[in-house]
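Right, one structure below, let's go through it.
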Amino acid sequence: MGNYIVSPATQETSNGLYRASIAVQRSQSKGAYCRVFNFDCEFVSREAARVYAITQGWLETGSANAQTC
């Protein structure tokens, strides 16, 4: 996704559902950063959580107003 590395992740919850998260990393000469996003949504399958994480990562990195920490 351009200058970004998006790493999706899923985690099984205690009730057998799945949560999604992503890490968005950028490494450039003037300002490297990594942000982790944990989502509150729960999904019935690991694949559904993964697709959600990838979609959210795509939206975050494609945003014209993405903020740098």
Give segment 12-25 a look and list any residue that's in contact with a strand residue (DSSP E or B) (Cβ under 7 Å, 6 or more places away or on another chain) and free of Cβ contacts under 8 Å to residues at least 24 places away in the same chain, or say none. A23, Q25
Which ranges mark the strands (runs of 3 or more DSSP E) fully within segment 1-63 that have 1 or more residues being of a type in the set (F, W, Y) and at pLDDT below 85? 4-12, 33-43
Enumerate the pairs (first residue in segment 37-59 and closer than 14 Å to L17 by Cβ and free of Cβ contacts under 8 Å to residues at least 60 places away in the same chain; second residue anywhere and assigned to a helix (DSSP H, G or I) and of a type outside the set (A, V, I, L, M, F, W, C)) with beta-carbon separation below 9 Å, excluding pairs fewer than 6 apart on the same chain, so at least 6 apart or on different chains. F39/Y52; F39/Q56; C41/Y52; F43/R50; F43/Y52
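The values are calculated or read from the model by the stated rules, or taken from the named source; none is laboratory data. Quantities reported herein were computed from a predicted structural model and do not represent experimental measurements. Ideal geometry is used to build each Cβ from the backbone, glycine not excepted, and the neighbour counts take in all protein chains shown.
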